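What follows is a single structure, written as structure tokens, with notes after it.
The values are calculated or read from the model by the stated rules, or taken from the named source; none is laboratory data. Keep in mind that this is a model prediction, so the values were computed, not measured. Neighbour counts run over all protein chains shown; Cβ positions are idealised from the backbone, glycine included.
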Amino acid sequence: MLLGNRNIVLDSREVFFKKIKSFYSKKNQKLHQKKMIEELSVFLADYFFKQYSDFRVEYPKSIKRYSSLKLSDLDNPFTHDKIISFIREKFIRDYVSFCSLIFEMTENDFLEYEKSRVRFNNW
């Protein structure tokens, strides 16, 4: 059974990028520059493509799971931490409004969420 799994190909980095860009473009609703979505999508595509590549080797029985990006992987606290750090570094002036939009929160809710993530990470 494992031999058949070796034929399961990992989607390309470009496919990862397109999925991520589409996912965040829908949430963006043209309120922020395309550049922000593009740069975030490149960053996340690189990250997840590498992670999936590594996981396919580390967990050969899960090769099918790590063959195509699962959008649910974008919506977890650890990914959010990566996004917040990236956006804050690249787009400091707009990071609160951008992050709140892509996480589907109000700006105040996002700021509280960010504080809770900082507390959790400094535990």
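Structure above, values below:
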{"item": "Restricting the range 88-123 to residues that are surrounded by 14 or more Cβ atoms within 10 Å (Cβ to Cβ) and outside any helix (DSSP H, G or I), the residue that is modelled with the lowest pLDDT", "result": "F91"}
{"item": "Y52 being within 18 Å of K27 (Cα to Cα), surrounded by 15 or more Cβ atoms within 10 Å (Cβ to Cβ) and touching an Asp or Glu at 6+ places or on another chain (Cβ under 9 Å)", "result": "no"}
{"item": "Residue within the range 35-49 that is crowded, with 18+ Cβ neighbours inside 10 Å and among the charged types (D, E, K, R) present", "result": "no"}
